[in-house]
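See structure below.
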Amino acid sequence: MSNSADSPTEPVRHRRWRPVRLLTAAVFALAGLLFVTSFNTAKGTNIRTDDSLLRLSDLVRQRSDRNGELEESTAAVRDEVDALARRDAGSSAAEDARLGALERAAGTTEVSGQGLTVTLKDAPQDARAAPGYPEPRADDLVIHQQDLQAVVNALWAGGAKGIKVMDQRLISTSAVRCVGNTLLLQGRVYSPPYEVTAVGDAKKLRKALDESPAIQNYLLYVKAYGLGWKVDERGATTLPGYSGTLDLHYATPVA
């Protein structure tokens with residue numbers, strides 16, 4: 001005798017989507033989307049290579065070289081404009097002398113005299129600590145922004161009439177900035193070794209370098225890890241005039 005009529009009916013189990021299951025499904029869907037996007041982007045190539053970084057580096061270098069060419073052409077045009085302005089103005093000798101003094105103070109004309117060159121260089125890649133010093137970190141083995149700034153500030157303090165970093169003359173608005181161990185100066189990019197040349201009394205310039213606390217700190221790293229440091233006195237030295245733009249760029253409030 002069948003007892004189906006008397007047996008209780010089993011409840012129907014409805015499948016319920018819990019929040020955890022929804023989250024898991026979403027993660028898998030997103031992962032699949034990333035795989036598809038990566039495949040379409042790579043097109044069979046290795047997207048983890050440094051080719052894109054190398055191309056970017058080449059582009060930065062090209063733009064830097066182009067900026068250098070534009071600076072040279074700008075300087076030539078500026079000289080022509082200044083010469084025409086003097087001719088048309090018919091200025092007196094006193095006015096010409098005053099204008100020349102202002103140009104020299106601004107750094108837009110050549111300056112000559114005795115001087116010296118300071119060279120800073122990264123430590124060798126396989127540098128080890130000298131006895132008594134801790135093993136170096138990566139930051140201990142490269143030239144930093146503060147190192148270059150310390151040299152420039154000491155030379156100004158020593159009475160430098162003009163300073164050139166690499167192939168560019170510094171003026172009052174010049175900013176010595178580094179990203180990693182790459183120097184960014186007035187739209188140009190440079191890699192170490194870095195050369196800083198100053199025109200002035202060589203003895204006073206060297207004395208200012210020796211007395212700078214920031215440079216004394218740098219020399220500790222020279223001794224400990226082999227960072228490069230060299231000071232060469234020069235005879236007759238001529239620094240070029242600044243050839244970049246003199247316009248000041250600053251932020252303005254939105255109307």
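Looking across the range 118-170, the residues that are within 13 Å of E195 (Cβ to Cβ) and either surrounded by fewer than 18 Cβ atoms within 10 Å (Cβ to Cβ) or more than 21 Å from the chain's Cα centre (by Cα) (or both) come down to T119, K121, M166, D167. Remark: pairs (first residue in the range 167-187, of a type in the set (V, I, T); second residue open to solvent by less than 60 Å² (accessible area, probe 1.4 Å) and in a loop (DSSP other than H, G, I, E, B); Cβ separation under 7 Å; 6+ apart in sequence or on different chains) = I171/G107; I171/Y242; T182/S191. Based on what the data block shows, is G226 open to solvent by 10 Å² or more (accessible area, probe 1.4 Å) and more than 24 Å from G107 (Cβ to Cβ)? Judged against the criteria, G226 is a match. Is it the case that the range 122-137 has a residue that's modelled with pLDDT of 95 or more and in a strand (DSSP E or B)? Taking every residue of the range 122-137 in turn, none turns out to be modelled with pLDDT of 95 or more and in a strand (DSSP E or B).
Tell me whether the range 164-174 contains one or more residues that are on the phi < 0 side of the Ramachandran plot and in contact with a Gly (Cβ under 6 Å, 6 or more places away or on another chain). Yes, because at least one residue in the range 164-174 is on the phi < 0 side of the Ramachandran plot and in contact with a Gly (Cβ under 6 Å, 6 or more places away or on another chain). Taking the condition of being in contact with a Pro (Cβ under 6 Å, 6 or more places away or on another chain) and over 27 Å from L155 (Cβ atoms), how many residues in the range 111-126 meet it? Qualifying residue count for the region: 0. Of note, P213 satisfies the criterion of being under 15 Å from Q149 (Cα atoms) and open to solvent by 90 Å² or more (accessible area, probe 1.4 Å). Say we look at the range 171-197 and pick out the residues that are at pLDDT 95 or above and crowded, with 20+ Cβ neighbours inside 10 Å; which of these is farthest from the chain's Cα centre (by Cα)? Here the answer is T197.
Going by the conditions given, is A202 more than 28 Å from G226 (Cβ to Cβ), open to solvent by less than 50 Å² (accessible area, probe 1.4 Å) and not β-branched (V, I, T)? When the stated conditions are applied, A202 does not pass them.
The values are calculated or read from the model by the stated rules, or taken from the named source; none is laboratory data. Quantities reported herein were computed from a predicted structural model and do not represent experimental measurements. Cβ coordinates were reconstructed from backbone atoms using ideal geometry, including for glycine residues, and neighbour counts include every protein chain displayed. In case anyone asks, the SASA skips ligands and DNA or RNA and just uses the protein heavy atoms, side chains included. Shrake-Rupley method; radii C 1.70, N 1.55, O 1.52, S 1.80 Å.
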